[in-house]
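**Student:** Please see the structure below; I have some questions.
The values are calculated or read from the model by the stated rules, or taken from the named source; none is laboratory data. Worth saying up front: this structure is predicted, and the values here are computed from it rather than measured. Heads up, the Cβs are rebuilt from the backbone with ideal geometry, glycines too, and the neighbour counts pull from every protein chain shown.
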Ligand code: ATP
Ligand code: MG
């Protein structure tokens, strides 16, 4: 029986003992979410295999699973030289169909099942000769081939061709949970993507200022979550910041508006994260991009909370962020026009060097705890799940 499959290789660094099986279990779960109902994932000797009718199509979906280092479409066949030859010919033919400029190949055989009568060099040799006969325009190049046909002899023989790079990283969920402060802009979705890439499962937190901002701006955030959930299931929590913003506008110096508003965002997010096991906050801030992203500002903002604030974009230039946003899929949504609470309440000249004492003094005019508690009470929550190619969202509170 010839079964088509995708071979999945994953990182092994730091994966020892208990850690390893934990990692593998989570990776398997993350792989399952991109599979179609007739596809299955199996685990065997430090590899994962996805059995599928359409290896190339499955490979394209598996490229969106963090923790996958490389993958190869291929087949599993019975331990029979004829079967192996035919499978290798199929692998080479489909690689050629994808990329007609392939001219040279080599065969790399590994035999871990010593019951098979041919040694690894014999298999490579026989298979090489067979493929040259079948594909007369190809040549063998053992040093720098365009494609390597891999054969692994185990209980069955695995035959695979091209090695496709996966996204790398760690499977989502293997590093625990964090809250992502998600605006409708370009940066925060990219920050969320990078956190997910390191295994973090996200609770996205968005602050709206309805009725000053429209339902459309929240729709945009929903669409961002839908795109982002391609990389990992996530939740979206909407909070109203309206009361906070009104109170700030009424009682605090205008040039500190942004700083104080950001401090409230962090406080509300932190209080929410304490309700579950969410151990950090993630933001899309990068250094020096706008007035609120100077070191002085970040210092004043972060001082409001004690939870770690992760800023994956801190060293990125805007052009680099944009390039990544395009690649991971949120750019198109982010550039749609929207009314952000910040753009509505942003003062003409926000302070780039707020002083913490002044900020704290200004906040004395506010009922900080009361405002945070009230904002927590406005929460609406949604979850985004990917199944195969589609995303479902459901409201849970
Ligand atoms: P972005 O493109 O992510 O909006 P930005 O460069 O426009 O980032 P700011 O608008 O100053 O920067 O926001 C800094 C960070 O604060 C954002 O990356 C995001 O993490 C958080 N943030 C801003 N506005 C909101 C909001 N309405 N709800 C939740 N988080 C927000
Ligand atoms: Mg913004």
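**Student:** What number of residues within the range 362-397 are within 21 Å of residue 217 (Cα to Cα), at pLDDT 95 or above and part of a loop (DSSP other than H, G, I, E, B)?
**Tutor:** 3
**Student:** Could you list, in sequence order, the residues of the range 183-224 that are near ligand 1 (Cβ under 8 Å from one of its atoms) and part of a strand (DSSP E or B)?
**Tutor:** 205, 206, 207, 208 - these are the residues of the range 183-224 that are near ligand 1 (Cβ under 8 Å from one of its atoms) and part of a strand (DSSP E or B).
**Student:** Where in the range 251-361 are there helices (runs of 4 or more DSSP H), lying fully within it, with 2 or more residues that are surrounded by 16 or more Cβ atoms within 10 Å (Cβ to Cβ) and within 23 Å of the chain's Cα centre (by Cα)? Give the derivation first.
**Tutor:** Values: elements: 257-274, 295-302, 318-328, 331-334, 341-345.
By residue number, 257-274, 318-328, 331-334.
**Student:** Can you report the number of residues in the range 188-205 which are more than 18 Å from residue 307 (Cβ to Cβ) and buried (at least 24 other Cβ atoms within 10 Å of the Cβ)?
**Tutor:** Summing the residues that are more than 18 Å from residue 307 (Cβ to Cβ) and buried (at least 24 other Cβ atoms within 10 Å of the Cβ) in the range 188-205 gives 4.
**Student:** Out of the residues in the range 172-182 that are in a loop (DSSP other than H, G, I, E, B) and surrounded by fewer than 24 Cβ atoms within 10 Å (Cβ to Cβ), which is farthest from ligand 1 (Cβ to nearest atom)?
**Tutor:** Once the filter is applied, the top-ranked residue is 174.
**Student:** Residue by residue through the range 50-71, note down the ones that are surrounded by fewer than 19 Cβ atoms within 10 Å (Cβ to Cβ) and free of Cβ contacts under 8 Å to residues at least 60 places away in the same chain.
**Tutor:** 51, 53, 54, 56, 57, 60
**Student:** If you scan the range 275-292, which residues turn out to be farther than 23 Å from residue 224 by Cα and without any contact (Cβ under 8 Å) to a residue 24 or more places away in the chain?
**Tutor:** Matches in the range 275-292: 275, 288.
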